[in-house]
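Quick note: the coordinates plus some simple rules give every number you see, no bench work behind them. On a predicted model such as this, the values are computed, not experimentally measured, just so you know. Every residue, glycine as well, gets a Cβ built from its backbone with ideal geometry; the counts of neighbours run over all protein chains shown.
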Amino acid sequence: MSVKFSFQRIFSPGFRIANHLFFWLAYMLYFTLVYGNIHDDYWRGFMEVSTTLPVKVTATYFTLYYLMPRFFYSRKYFGLIVLFTLSVIAFGYADRLLMHQFYVPTYIPDYDYAKYPLLDFAKAIQRSSVIYLIVFAAVAIKLLKKNYQNEQLAQELGREKLDAELKFLKGQIHPHFLFNTLNTLYSLTLQNSPRSSEVVLKLSNFLDYMLYECNVDMVSLRKELTQVQNLIELEQLRYGKRLDISLNVNGEVGQYQIPPLLLLPFVENSFKHGVSQNIEDAFVSIDVIVKDEQLTLRVENSKAEDSKLGEHTKGIGLRNVQRRLDLLYADRYELQIFDDEEEMFMIVLRLPLTPAGAIIKDKTVPVESPALPFANSDQQAIQA
């Protein structure tokens, strides 16, 4: 059992009464032993503790459920000091009253009432010091509980904010791909190309992937790479023979998972900011290496002669995927961007992979069995 789980159980509302009972039983046991050892009479020690227990209980809950919520949490410190001082005096006298009425006549019959009268202020303050030793212990536990609950709430809000931001970024990627694919379809329909129906089919595959298969934390790496291949074939239809595309995959991609739509933006960016500006002799080279539970993605594309430095990094898709990488992997990934040559732009991404069948946020993603392109071989090259 983890410490976190233990604290959750201890501080849960269902344990409140049990916690309070345990606190007071522990108090009575401890001071019964202390006073019983002093008097060499443990029954007398128990009676001394029991006699003033109502005062200590009242003082504790008055502080916890009135002074702290009304004054301490709201930072009304002047009112807190005034009422706290008055309560210290009042509970001190109440404690002496119970002692005088029930304990002293039985166990201290020769008590000198003249020397130590009921209203003796010094004795009342002395009794309050014992009372507020217990009160402060309860307050410390209360503050510890409140601090723990605040930390839990902050963590929960942080997780919700992270999930909301990831969903927002993923939601921006969806129309981005759809927009570019529709452009491809539009250009082909203008040419009355018979391949328009093929684009529609591939577009429907994209939409199926984005709408139904990407609403999870992880998808099979094989599925993501299948969509990469789908995108390549769409772009090949658009650009024809003037585009040289190669996709090389090394490793067992069917054994791992990856967040959906994480690789596609890098590939799409190479077409949008590289190939689309080249009139001829354009190329895109994509290498995927899976080794030792790590993915290495290398995307290289040609650049137009008049392409401006940094133009590739300004797209919505690439900015979003970089933000997603920060949120999902923090400092566990490496992204290198090379844009300092006249004719070539390249990105190299390295990140850890999650084995298929691992539990992600209390959900188990099964190992997939259907055979897909490049799924069952250690090395395949697709040349378009």
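Just a few scattered comments:
- For the pair H39 and Y61, the difference between a 0.36 nm per residue extended length and the Cα-Cα distance amounts to 4.9 nm.
- Scoring 187-195, 123-131 by mean Cβ neighbours within 10 Å over their residues and listing the highest first yields 123-131, 187-195.
- Peptides 86-95, 62-71, 254-263, 346-355 ordered by packing proxy, namely the average of other Cβ atoms within 10 Å per residue, highest first: 254-263, 86-95, 346-355, 62-71.
- Among the listed pairs K56/K146; K241/K291; K123/K146, those beyond 30 Å (Cα-Cα): K241/K291; K123/K146
- Fraction of alpha-carbon pairs over 25 Å apart in the range 3-156 - percent: 41 percent
- When peptides 100-111, 22-33 are sorted by average Cβ neighbour count within 10 Å, with the highest value leading, the order is 22-33, 100-111.
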